[in-house]
Each structure stands twice: as C-alpha cells, then as structure tokens.
Amino acid sequence: MTDPSTVLAGQLRPVEHCSECGAGFVCGYVAGLPECWCASQPLLPARRIVPNQHCLCPTCLQKRQAAAQEASQTPD
Ligand SMILES: [Zn+2]
C-alpha cells in the first residue's frame, strides 16, 4: 500500500502532471509501484469521472471530491 504522505514528501519523483492545475505529482502505477495513492482515496461518482481525462493531483482530486459531496447533499 502506498502512503500518500510518502509520495507527497518527495521520496518519489513526480512523474505525472495534473490535468487541471498542471502540478507535478507521483502516479504510483507509473512509478512502478504496485498501487497508486489514488487507489486509497474515496471513489468519485461515475458522473464525475471524465473519460480520457488524465489523473488529477491530490489537491485537485480532493477539491473534486468535496464538490461531488456538496452536489450530492443539495436537494433537488
Ligand atoms: Zn491539480
């Protein structure tokens, strides 16, 4: 299991760039790890996942999760 704090502490080289803000971050799979830190994150609702979109950095992933949660709490 890949601990996000290990990744964010810079012990691994950023090899990916966020499709939203362009920040460099580590994708565990690309770095050759058995698992990426993103696998330990809560999954986003399917409609929040954009086909063919590149991975997001931890910050943007969190923002998107927060937005998804807010949207799900809004009554119709
Ligand atoms: Zn980002």
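Give me the pairs: first residue in the range 18-33 and among the aliphatic types (A, V, I, L, M), second residue part of a strand (DSSP E or B), beta-carbon distance under 8 Å, and six or more apart or on different chains, which are they?
Ala23/His17; Val26/Glu16; Val30/Glu16
Report the residue count in the range 1-27 for those that are modelled with pLDDT of 85 or more, of a type outside the set (A, V, I, L, M, F, W, C) and touching a helix residue (DSSP H, G or I) at 6+ places or on another chain (Cβ under 7 Å).
Selection size over the range 1-27: 1.
The values are calculated or read from the model by the stated rules, or taken from the named source; none is laboratory data. Every value quoted in this text rests on a predicted model; they were computed, and no experiment measured them. For neighbour counting, all protein chains shown are included, and Cβ atoms are generated from backbone atoms with ideal geometry for every residue, glycine included.
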